[in-house]
Amino acid sequence: MTNHSATLDRAFQALADPTRRAILARLGSGPASVSRLAEPFTMAMPTLLQHIRVLEQGGLIGTEKVGRTRICALRPDALRETEGWLARQRAAWEGRLDRLDAYLLTMKDATDES
């Protein structure tokens, strides 16, 4: 469980930054080179490479060197794990809210009968 928690921590840390989310959105269209990923951003290449490193450490992307070009691609399994965790949290909160709603309706009915 601890290892699973550390994996989620790294994934959510990677998702916390809008630049990294934009990179992931671009990679949703397919693998891309680092230089292609850098095109829409006005940041120095070392800064972009740091963002890519965080995404890779978070397990959200993988990189591969092809000749002199580094290609980045999504790792859907990591995204599925994160999505699964969010789905479990959503289900738990929906259950709690449903129970609260039922309780409030019971209270309302009790006050209406008084």
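Table for the structure above
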item	result
Qualifying residue in the stretch 91-110 (condition: among the β-branched types (Val, Ile, Thr), part of a helix (DSSP H, G or I) and within 13 Å of the chain's Cα centre (by Cα))	no
Flag for ALA73 being under 25 Å from ALA16 (Cβ atoms) and not polar (S, T, N, Q)	yes
Total residues in the stretch 72-84, condition touching a Ser or Thr at 6+ places or on another chain (Cβ under 6 Å) and surrounded by fewer than 16 Cβ atoms within 10 Å (Cβ to Cβ)	0
Candidate set: the stretch 38-61, residues that are free of Cβ contacts under 8 Å to residues at least 12 places away in the same chain and polar (S, T, N, Q); chosen: the one surrounded by the fewest Cβ atoms within 10 Å (Cβ to Cβ)	THR42
Pick from the stretch 7-35, criterion out of contact with any Lys or Arg (no Cβ under 9 Å at 6 or more places or on another chain) and aliphatic (A, V, I, L, M), ranking: surrounded by the most Cβ atoms within 10 Å (Cβ to Cβ)	ILE23
Total residues in the stretch 21-53, condition under 17 Å from ARG70 (Cα atoms) and part of a helix (DSSP H, G or I)	18
Residue match in the stretch 62-71 (condition: at negative phi, loosely packed, with under 11 Cβ neighbours inside 10 Å, part of a loop (DSSP other than H, G, I, E, B) and in contact (Cβ under 8 Å) with a residue 40 or more places away in the chain)	no
Neighbours by Cβ (under 6 Å, 6+ apart or cross-chain): first from the stretch 74-92, at pLDDT below 85; second not aromatic (Phe, Trp, Tyr) and not in a helix (DSSP H, G or I)	ALA78/GLY59; ALA78/LEU60
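The values are calculated or read from the model by the stated rules, or taken from the named source; none is laboratory data. Because the structure is predicted, anything quoted here is derived from the model rather than measured. Cβ atoms come from the backbone with ideal geometry, glycine included; neighbour counts cover every protein chain shown.
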